[in-house]
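Below is one structure. I have some questions about it.
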Amino acid sequence: MHTVAFDGRMGASGDMICAALIDAGADPAVLGPVSDALNVRYTVGPTARAGVTATTVDVLVAGDGARERAGDHSHDHGDSDHDHDHSHGHDHDDPDHDHDHSHGHDHDDPDHDHTHAEGTGPLRTYPEVVELVEGMELPSGVERDALAAFRHLGEAEASVHGTDLDATHFHEVGADDAVADVVGACLLLDDLGPDRVVTTPVSVGGGRVSMSHGTYPVPAPAVAEIVADADWSIRGGPVERELLTPTGAAIFAAVADGVDHLPGLDADAVGYGAGDADVAGHPNALRVLVGDGGGLHREPIAVLETNLDDATPETLGSLQETLGDAGALDVSVLSATMKKSRPGHLVKVITRPEDAERVARRLAEETGTLGVREGSAGHRWVADRSIETVTVEAGGETHEIQVKVASDAEGSVYDRSAEYDDALAVAAETGLTVREVRRRAEAAIADNG
């Protein structure tokens, strides 16, 4: 399975994602539809962060040769609909910090003579951004991902400010450079042709951000809203500055699944997309790995066990739910013979290592056991799992049944299992046996390929 894996330990922004993908081999020529639709051009260049060679991407106003003025990189945050998209370098220790932002080009360069597109273009509503993207004639998958990212941004903005989605005005995230970052990232990702995109937990940074509405802790409100809908997780640190921007969060929310660790890959390429400033002790860059992975996924686990000789059937029957709420991945209750040949039970629980202490405590509280053992298992091999809905015809009517499909990392399906409760309901309604209903549903999945 061809995989693009982002290492989120230094956060992400739209331009960092674009830069990382280009550094990993994506062709910048695919960005043409954006330049054709907007008055912008992309510049790509080399740089270094903490000794690591990386790539920067800037979005500039097309054809503008005027020397950049100091005011070109600051924005008025006085409007209540502001959706502050930030770059990676502003200092939140400055008490006068009011979210003026810059990107990765070097203003110490005496030849620096261009105007950045940040904040340029008309003030757009969410429907206007959708219309703009749909008018670019993008590949269908690219358009889908870009619109999903903007929907995440729009819904976050609407939630923060209490507005309707269609009435929401974007500020920075609807400006030309933000549109170029979102659509550009989706185009570059499509050029790499992954079957799967994943990210490790994404660092949001720390400290606070100052806005006209007040001072907020990192992550900023819009980022927090997007993260709540994302499949991946976040973590604080490792520095006291904002590391994850709304645009970066929205792109990841649209395209990436969350993983706890980088997956096993035969890596073909590694890319680094630079943030806009050097950070002491940390390479301020987003890393991406591109390669193929096969077989099942290796996942770290902890196995907990305890023996019970006085648990009631009700207690044992509830453990799947109560331990699952605490973080257990799987719970098994086995019959056992205890000391003095008394009947009892062995409870085995699989959980993530970081959840083991919490799950063990809950197991003790629920059962009254005096001890919980942690076994020696270090990992398990797991399949990719998906739920698909199929239609089964019986008695002249159609019925929908969910089927669990298991496959390896290469996408090869090796098991199909119809949901028992769905099959039971259809069997009761049609007079067929549960076994026959499940057989038909599983056959329908196989026929659909």
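The values are calculated or read from the model by the stated rules, or taken from the named source; none is laboratory data. Since we're looking at a predicted model, the values are computed, not measured. Heads up, the Cβs are rebuilt from the backbone with ideal geometry, glycines too, and the neighbour counts pull from every protein chain shown. Note: accessible area is taken over every heavy atom of the protein model, side chains too, but ligands, DNA and RNA are not part of it. Shrake-Rupley method; radii C 1.70, N 1.55, O 1.52, S 1.80 Å.
How many residues does the range 251-280 contain that are open to solvent by less than 10 Å² (accessible area, probe 1.4 Å) and under 21 Å from THR3 (Cβ atoms)?
Of the residues in that region, 5 qualify.
Moving to a separate point now. I'm trying to understand the selection: among the residues of the range 331-351, which are touching a helix residue (DSSP H, G or I) at 6+ places or on another chain (Cβ under 9 Å) and either farther than 16 Å from GLU366 by Cα or in contact (Cβ under 8 Å) with a residue 24 or more places away in the chain (or both)?
Across the range 331-351, the qualifying residues are HIS345, VAL347, VAL349, THR351.
Which one of these is open to solvent by less than 80 Å² (accessible area, probe 1.4 Å), modelled with pLDDT of 90 or more and not charged (D, E, K, R): ALA394, ALA446, ALA427? Spell out how you get there, then give the answer.
Details: ALA394 fails: modelled with pLDDT of 90 or more; ALA446 fails: modelled with pLDDT of 90 or more.
Just one listed residue meets the conditions, ALA427.
Sticking with this one: Does ASP355 meet the test of being in contact with a helix residue (DSSP H, G or I) (Cβ under 9 Å, 6 or more places away or on another chain) and over 18 Å from ASP260 (Cβ atoms)?
no
Could you please give the count of residues in the range 426-437 that are assigned to a helix (DSSP H, G or I) and touching a residue at least 24 places away in the same chain (Cβ under 8 Å)? If you could, list the steps in order and put the result at the bottom.
Taking the range 426-437 first, the residues assigned to a helix (DSSP H, G or I) are 426-430, 434-437.
Narrowing the set further to residues that are touching a residue at least 24 places away in the same chain (Cβ under 8 Å) leaves 426, 429-430, 437.
Summing the residues that are assigned to a helix (DSSP H, G or I) and touching a residue at least 24 places away in the same chain (Cβ under 8 Å) in the range 426-437 gives 4.
Does the range 162-180 contain any residue that is touching a strand residue (DSSP E or B) at 6+ places or on another chain (Cβ under 9 Å), at pLDDT 85 or above, open to solvent by less than 10 Å² (accessible area, probe 1.4 Å) and among the β-branched types (Val, Ile, Thr)?
yes
Which members of the range 397-424 meet the condition of being charged (D, E, K, R), open to solvent by less than 70 Å² (accessible area, probe 1.4 Å) and either assigned to a helix (DSSP H, G or I) or over 30 Å from LEU265 (Cβ atoms) (or both)?
GLU419, ASP422
Quick check on SER210: is it of a type in the set (S, T, N, Q) and open to solvent by 10 Å² or more (accessible area, probe 1.4 Å)?
yes
From the set of residues in the range 295-312 that are modelled with pLDDT under 90 and open to solvent by less than 50 Å² (accessible area, probe 1.4 Å), which is farthest from GLY368 (Cα to Cα)?
Ranking the qualifying residues of the range 295-312, first place goes to GLY295.
Now a separate question. Pick out the one residue from LEU289, LEU329 that is under 22 Å from the mean Cα position of the chain (by Cα) and either over 30 Å from LEU192 (Cβ atoms) or not in a strand (DSSP E or B) (or both).
After applying the criteria, what remains is LEU329.
Which pairs do you get when a residue that is among the hydroxyl-bearing types (Ser, Thr, Tyr), found in the range 390-413, comes within reach of a residue that is open to solvent by less than 40 Å² (accessible area, probe 1.4 Å) and assigned to a strand (DSSP E or B), reach meaning Cβ atoms under 9 angstrom, with the pair 6+ apart or on two chains?
Here the result reads THR391/HIS399; THR391/ILE401; THR398/VAL392; SER407/ASP384, each pair linking the range 390-413 to a residue that is open to solvent by less than 40 Å² (accessible area, probe 1.4 Å) and assigned to a strand (DSSP E or B).
Also, I was wondering about something else. Does ASP268 satisfy the condition of being under 27 Å from THR53 (Cα atoms), acidic (Asp, Glu) and modelled with pLDDT under 90?
The answer is no for ASP268.
Would you mind finding the one in VAL57, VAL30, VAL4 that is in a strand (DSSP E or B), modelled with pLDDT of 95 or more, closer than 18 Å to VAL179 by Cβ and β-branched (Val, Ile, Thr)?
Only one candidate passes the filter, namely VAL57.
Hey, another quick one. Only residues that are under 14 Å from ALA180 (Cβ atoms) and in a loop (DSSP other than H, G, I, E, B): list them for the range 12-26, please.
SER13, the sole residue that qualifies.
A further question follows. Out of all the residues in the range 33-54, which are in a helix (DSSP H, G or I) and either open to solvent by less than 20 Å² (accessible area, probe 1.4 Å) or out of contact with any Lys or Arg (no Cβ under 9 Å at 6 or more places or on another chain) (or both)?
Those that are in a helix (DSSP H, G or I) and either open to solvent by less than 20 Å² (accessible area, probe 1.4 Å) or out of contact with any Lys or Arg (no Cβ under 9 Å at 6 or more places or on another chain) (or both): PRO33, VAL34, ASP36, ALA37.
Shifting gears a bit: Is it true that some residue in the range 340-358 is outside any helix (DSSP H, G or I), among the hydroxyl-bearing types (Ser, Thr, Tyr) and over 30 Å from GLY291 (Cα atoms)? Give the derivation first.
First, pick out the residues of the range 340-358 that are outside any helix (DSSP H, G or I): 342-352.
Then keep just the ones that are among the hydroxyl-bearing types (Ser, Thr, Tyr); that gives 351.
Those left that are additionally over 30 Å from GLY291 (Cα atoms): none.
Among the residues of the range 340-358, not one is outside any helix (DSSP H, G or I), among the hydroxyl-bearing types (Ser, Thr, Tyr) and over 30 Å from GLY291 (Cα atoms), which makes the answer no.
Looking at the range 181-195, I want the residues that are more than 16 Å from SER140 (Cβ to Cβ) and have a partner that is among the acidic types (Asp, Glu) with Cβ atoms under 7 Å, at least 6 apart or on another chain. Which pairs are those?
ASP181/ASP15
Here's the yes/no breakdown for (1) over 29 Å from VAL347 (Cβ atoms); (2) hydrophobic (A, V, I, L, M, F, W, C):
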site: GLU365; (1), (2): no, no
site: GLY368; (1), (2): no, no
site: VAL372; (1), (2): no, yes
site: SER407; (1), (2): yes, no
site: ASP447; (1), (2): yes, no
